[in-house]
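Please read the structure below before turning to the comments.
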Amino acid sequence: MAEVCARMSVCRACPRLVEWRERTAVEKRRSYAEETYWGRPVPGWGDERPRILIVGLAPAAHGGNRTGRIFTGDRSGDWLFASLHRVGLAAIPTSTRAGDGQRLIDARVVATVRCAPPANKPTPAERDTCRPWLAEEIARVVDDVRSIVVLGGFGWGALWPVLADAGYRLPKTRPAFRHGGEVEIGSPEGSGHTILLLGCYHPSQQNTFTGRVTEPMLDAVFRRAKEYAGLPAGP
């Protein structure tokens, strides 16, 4: 896994994303003017043998693109890690920077697109170009993962081809994304277990400010993921 993350961190396959992530790392937000931005693709992070995999959209320009850790240092991450802590999947309720003492418990977080995109909107071509990195990470955790939580419709659509290529046994018709939606899928032949795919609204500021997603809604999805994965109920 470390080798995959190292190779991914120097990827320059998407010119628009490379230009944006590097320009943002120079034209910093004023409140972070004294910080050195990561300014590169952001690898997955967490347990290397996770029971739960969390799939997000892409790093935030002044979050993961600054800190080098997915969902770290931005408002979406504030919501995500607080929920993970409440349900017993994170050691502390905040994720502000690398080395802050945060640790994921039986979980790993990855992004569909590994570079910060302008306006938080990667293109379909960028999604497809980045797909092999997601596929490589999934291939290395397939024997351990029992639940996959997908944050948002973009990630939901991007994940299905990856799962198909990895040998997962999927429904003939792809279910539409919805919050709380569940799909049980067969894992690759020979592994002898099923996996639960769960849809969850992304904890973006747009969704949290409008009440489209609430703390109890997030907690319920992650508790369900833990239950299916056979993990203790926790807090």
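The values are calculated or read from the model by the stated rules, or taken from the named source; none is laboratory data. Quick caveat, the model's predicted, so the values are computed rather than measured. Neighbour counts are summed over all protein chains in view; Cβ atoms, including those assigned to glycine, are modelled from backbone coordinates with ideal geometry.
Structure summary
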read-out	value
Residue identified as in contact (Cβ under 8 Å) with a residue 40 or more places away in the chain and closer than 17 Å to T112 by Cβ among A58, A25	A58
The stretch 173-192: number of residues that are basic (K, R) and closer than 18 Å to P203 by Cα	1
Checking K226 against (1) surrounded by 20 or more Cβ atoms within 10 Å (Cβ to Cβ); (2) within 23 Å of V87 (Cα to Cα); (3) touching a Leu at 6+ places or on another chain (Cβ under 6 Å); (4) not polar (S, T, N, Q), the condition it does not meet	(3)
Any hit, the stretch 139-146, residues being touching a residue at least 12 places away in the same chain (Cβ under 8 Å), aliphatic (A, V, I, L, M) and within 21 Å of N120 (Cβ to Cβ)	no
Residues of the stretch 77-111 classified as surrounded by fewer than 19 Cβ atoms within 10 Å (Cβ to Cβ) and acidic (D, E), total	1
Among the residues listed as R103, R66, R75, R23, the single one being closer than 23 Å to I138 by Cα, over 14 Å from the mean Cα position of the chain (by Cα) and basic (K, R)	R103
Subset of the stretch 11-38 (residues that are surrounded by fewer than 21 Cβ atoms within 10 Å (Cβ to Cβ) and either small (G, A, S) or touching a Pro at 6+ places or on another chain (Cβ under 8 Å) (or both))	C11, A13, R16, W20, A25, S31, A33
Neighbours by Cβ (under 7 Å, 6+ apart or cross-chain): first from the stretch 2-18, farther than 20 Å from R140 by Cβ; second modelled with pLDDT of 90 or more and hydroxyl-bearing (S, T, Y)	A13/T129; C14/T129
Those helices (runs of 4 or more DSSP H) lying entirely in the stretch 121-235 with at least 2 residues farther than 23 Å from L104 by Cβ	124-141, 153-165, 205-210
Breaking point among (1) surrounded by 14 or more Cβ atoms within 10 Å (Cβ to Cβ); (2) modelled with pLDDT under 95; (3) not polar (S, T, N, Q), for D165	(1)
Residues of the stretch 184-223 satisfying the condition of being of a type in the set (S, T, Y), modelled with pLDDT of 95 or more and either over 18 Å from the mean Cα position of the chain (by Cα) or loosely packed, with under 13 Cβ neighbours inside 10 Å (or both)	T210, T214
